[in-house]
Amino acid sequence: MVLIEAASEHGGQLRIAAGLQRRREILGIADWLWDQVQRLGVVPRFNLYAEAADVLAEDPDIVVIATGGLPNTGFLEAGEELATTTWDLLSGGAPPAQSVLVFDDNGAHPALSAVEVLAAGGAEVDYVTPERAIAPEIGGTNYPGYFKAFDEGGVKVTLNRRLKALRREGNRLAARLVSDYSAESEERIVDQVVVEHGTLPLDELYFALKPDSSNLGETDVPALLEGRPQGLHGNPEGRFQLFRVGDAVASRNIHAAIYDSLRLCKDF
């Protein structure tokens, strides 16, 4: 069994999530999984951004694509190139500015983690969401830490507003916000706009391999739900079975990605 990893170490998006010091223990998930990979004798290949030829060279029987996704900024009508993603901020790839608008249309940990990092660094933060509540995907036990950071950092909260576009305003940014419930529109001038809109699948490798697979990349969903092995073989000339899991399918969280993998791979 071979594990091909584009990065220089294991962990993927969990290492970005751990950019908030208070949540660094989340790396325990990646570390435990890595221990199991080593125990089972899997051969790791780091620093390899796999293309179809790299995978086919292994002459595999089964290929599981877990390439994840990339931040979705394409929802903006204009100014996409001006946006900073939560990945940029939490990974240290983009320094925080003094006045920051954080737009959250995902409702989970990334945007709130970004807010906490910004507030702790002394930034003036405006948290904006089209939801009627803050981060509805976060469980109740996780709210206190974030709300403490909101209170201590004087974070402004704006509900029921959607970010539509960005433009330059001198050396600052103008963020256009609209309401889903009325024709109301406004602009806010800030130094930086951090967006969290989930991810889009990084699926080029999956589609490149799909024609050569025996199942044409299809997952037998009823079999998956019932805990039965995958048995689709729509392409008799196919050389291997091909599947994808986690964010390589659609934007989701770590729980869904692990459950995806468990249900699929336990019967190989």
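The values are calculated or read from the model by the stated rules, or taken from the named source; none is laboratory data. Computed from a prediction, not measured in an experiment: that's the story for all the values here. All Cβ positions, glycine included, derive from the backbone under ideal geometry; neighbour counts span all protein chains shown. The area values use the complete protein model at the heavy-atom level, side chains included, leaving out ligands, DNA and RNA. Shrake-Rupley method; radii C 1.70, N 1.55, O 1.52, S 1.80 Å.
With N set to the residue count of region 1-152, report its C-alpha Rg divided by 2.2 N^0.38 Å to two decimal places. Walk me through the numbers before you get to the answer.
Values: Rg = 18.4 Å, N = 152, 2.2 N^0.38 = 14.8 Å.
Working it through for region 1-152, the quotient is 1.24.
Rolling a 1.4 angstrom probe over the protein heavy atoms with all chains in place gives region 5-113 an accessible area of 52 Å² per residue. Region 132-156 and region 47-98 have their alpha-carbon centroids 27 Å apart.
Starting from the Cα gyration tensor of region 143-182, take the square roots of the eigenvalues, sort them a ≥ b ≥ c, and report rounded, prolate or oblate (rounded when a/c is under 1.5, otherwise prolate if a/b is larger than b/c, else oblate).
oblate
Under the rule of -39500 (n - 2.57) per DSSP H run of 4 or more residues, summed and divided by the residues of the chain, what mean residue ellipticity at 222 nm is obtained, to the nearest 500 deg cm²/dmol? Intermediate results must be reported in sequence, preceding the final value.
Working: 9 runs with 75 residues, N = 268.
Calculated from helices alone, the mean residue ellipticity at 222 nm is -7500 deg cm²/dmol.
Binning the C-alpha pair distances of the chain at 10 Å intervals from 0 yields a P(r) profile of 6, 26, 29, 21, 14, 4, 0 %, listed from the shortest bin outward. Among residues other than Tyr181 with Cβ under 11 Å from its Cβ, the summed charge is +1 (Lys and Arg +1, Asp and Glu -1). Dividing the convex hull volume of the alpha carbon atoms of region 148-268 by its residue count gives 197 Å³ per residue.
For the chain, what % of the accessible area comes from carbon and sulfur atoms, probe 1.4 Å? Intermediate values should be presented prior to the final figure.
Details: 7270 of 14100 Å².
For the chain, the apolar C and S fraction of the accessible surface comes to 52 percent.
Between Leu70 and residues 5 or more places away or on another chain, which pairs have amide H atoms under 5 Å apart, with H built 1.01 Å from N, and which residues are they? Here the answer is Leu200, Leu202, since their amide H atoms fall under 5 Å of that of Leu70. Ranking Ala50, Asn106, Gly79 by Cα position along the charge dipole of region 16-115, where only Lys, Arg, Asp and Glu carry charges on their C-beta atoms, puts Asn106 farthest toward the positive end. The radius of gyration of the Cα set in region 155-218, together with its Dmax, comes out at 19.6, 56 angstrom. Taking every C-alpha pair closer than 8 Å and separated by at least 6 residues, the mean separation divided by the residue count of region 205-268 gives a relative contact order of 35 percent.
With a sphere of radius 12 Å drawn around the Cβ of Ala248, what net charge do the other residues whose Cβ falls strictly inside it have (Lys, Arg +1; Asp, Glu -1)? Before the final figure, lay out the partial values.
Details: positive: Arg244, Arg252; negative: Asp203, Glu204, Asp247, Asp260.
In short, -2.
Taking a ≥ b ≥ c as the square roots of the eigenvalues of the alpha carbon gyration tensor, region 66-133 is rounded, as a/c is under 1.5.
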